[in-house]
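In what follows, a structure is listed as structure tokens, so that the remarks can point back to it.
The values are calculated or read from the model by the stated rules, or taken from the named source; none is laboratory data. These numbers come from a predicted model, not from an experiment. Note that we place each Cβ from the backbone using ideal geometry, even for glycine, and neighbour counts take in every protein chain shown.
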Amino acid sequence: MRKERLIVPVLALLVIAWLAAQLVSSVLFERSLSQALADLQARGEWRVKRLDNDAGWLNSQGTVLLSPLLGRPWQLRLDYRARHGIVTSDITGRLRPLLDGALQKAVGEVSAPSAPRLTGRYYTYSGRSEMRLTLAPLTVTQRDRTLRVRGARLKLRGVYGDWRLTAGLDELALVDGEARLALGPASLESRYTYTDGAYHFYQHDRLRIEKLSLAHPDLALRAAPLELHTDMTLDERELRIDGELTFDNVWLPDKAPQTPAFNGHLAATLSRLDADAVRGVFARLREDALHSETLRGDAAAADAGGVVERLSPLLRQVLRESPRLDISDIALTSPLLNIRVDADGALFFDARRLEALDPARLDEPAMQARFRRRLDGDITWHGAPAVAALWLGLGLEERELTFDLVRGRWRVNGRPLPEG
């Protein structure tokens, strides 16, 4: 009899524990999603907005709108639903692109069998998330232009402060009249780590394209494979970008189908971009994004057109530490021409009297010339072949060629670079 009396309290405790676990799962999922979206917006490149958010004990659902921070020519609408469990929450959703009128007219007809589907899982007590997105074959047609994408897929996984993305596609083909560009398979691996509010961050990207081909009446080109590595770091002092491009072989099929035109790699580092000014640009962009939400029609268009002008003082401050581009290695070989390029060097930006520069007027030739006159540096080609010296009007005995950039004008071994 005593055991029977214990059944009801035990069942009640189990129900209460289950309800509490469901509540904890729902609350932690909502907090993790809100934090992830806030971190994405803090990076300074995206505008994030949540609509119709309904957080429940057993299920949560809502809509997220994602668009570029500068202007709103397009948006991505994600409608999601999460089914909460004690240990995990299972997520499903659909992703739909939304284009504004002008862009929709420019893009033309879009054909896809179905909207991209999102599936994922959130692990309640570790905070880890996994998301997968698969795109159906896509065709975009505009008059005599056609873009086809096949086999696109994406996987995102990670926790607060550390996210990894892998993406790939089987083929991308662009046809424009008589010209055709095709690439694929291609893959992207990316890792993004950051502190609160993206005050400091590090991002590593690796893009690999197995095959690329271009067919044009004036040029036919084929490359396989290409690989690009980039590392971007924002610390207390500077924004630094390291990059390396490697290509195994590039052919010119119409000229020499059996012999590669060139292969090799390039490595460079852009540094001394002022960190506080970069963070200021991101903060100002977020402020402008919030302000533009209240505008409509012509007022919104006029406000978007003035963004660069409002950012000009901050953009000038980004340059105040005299940015430099270090070209650590240029290693190119041309089996077709029997020439090897082994070069390195550095270019610098003169940051004195920055008030004379206006980034908002960079479309004007006079302002472009002002920026060019701020560039100095040199690149040295070691062991250059005699034919290169001959091309440049130098003596055949000059085997080291130094290309000097002085106030935006190039000289080679102290002489003006030949025109044309």
Practice problem: Filter region 367-395 down to residues that are of a type in the set (A, V, I, L, M) and without any contact (Cβ under 8 Å) to a residue 12 or more places away in the chain and give me whichever is surrounded by the fewest Cβ atoms within 10 Å (Cβ to Cβ). | Solution: Leu390
Quiz item: Among Ala388, Ala331, Ala384, Ala346, which is assigned to a loop (DSSP other than H, G, I, E, B), under 29 Å from Phe247 (Cα atoms) and touching a strand residue (DSSP E or B) at 6+ places or on another chain (Cβ under 7 Å)?
Solution: Ala384
Self-check item: Count of residues meeting criterion [in a strand (DSSP E or B) and surrounded by 14 or more Cβ atoms within 10 Å (Cβ to Cβ)] in region 396-409
Solution: 5
Exercise. Using the structure shown, decide if Gly393 is small (Gly, Ala, Ser) and in a loop (DSSP other than H, G, I, E, B).
Key: yes
Quiz item: Which condition number does Arg361 fail, the rest of (1) in contact with a strand residue (DSSP E or B) (Cβ under 9 Å, 6 or more places away or on another chain); (2) without any contact (Cβ under 8 Å) to a residue 40 or more places away in the chain being met?
Solution: (1)
Exercise. Consider only pairs whose beta carbons are under 7 Å apart and that are at least six residues apart or on different chains; among these, list those whose first residue lies in region 326-347 and is over 19 Å from Lys255 (Cα atoms) and whose second residue is part of a loop (DSSP other than H, G, I, E, B).
Key: Asp342/Gly383
Quiz item: Going through region 314-328 one residue at a time, which ones are of a type in the set (Lys, Arg) and in a helix (DSSP H, G or I)?
Solution: Arg316
Quiz prompt | Extreme residue, surrounded by the most Cβ atoms within 10 Å (Cβ to Cβ), among residues of region 88-123 that are at pLDDT below 85 and β-branched (Val, Ile, Thr) | solution = Val107
Quiz item: When you go through Thr259, Thr269 one by one, which is the residue that is among the β-branched types (Val, Ile, Thr), at negative phi, at pLDDT 95 or above and not in a helix (DSSP H, G or I)?
Solution: Thr269
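Per-residue answers, yes or no, for (1) among the charged types (D, E, K, R); (2) surrounded by fewer than 17 Cβ atoms within 10 Å (Cβ to Cβ):
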| site | (1), (2) |
| --- | --- |
| Arg150 | yes, yes |
| Gly161 | no, yes |
| Asp170 | yes, yes |
| Val175 | no, yes |
| Ser190 | no, yes |
| Phe201 | no, no |
| Arg206 | yes, yes |
| Met232 | no, yes |
Practice problem: Any chance you could count how many residues in region 169-189 are closer than 30 Å to Ser32 by Cβ, at pLDDT below 95 and among the small types (Gly, Ala, Ser)? | Solution: 0
Practice problem: Pick out the one residue from Pro365, Pro359 that is touching a helix residue (DSSP H, G or I) at 6+ places or on another chain (Cβ under 7 Å), over 30 Å from Gln258 (Cβ atoms) and not acidic (Asp, Glu). | Solution: Pro359
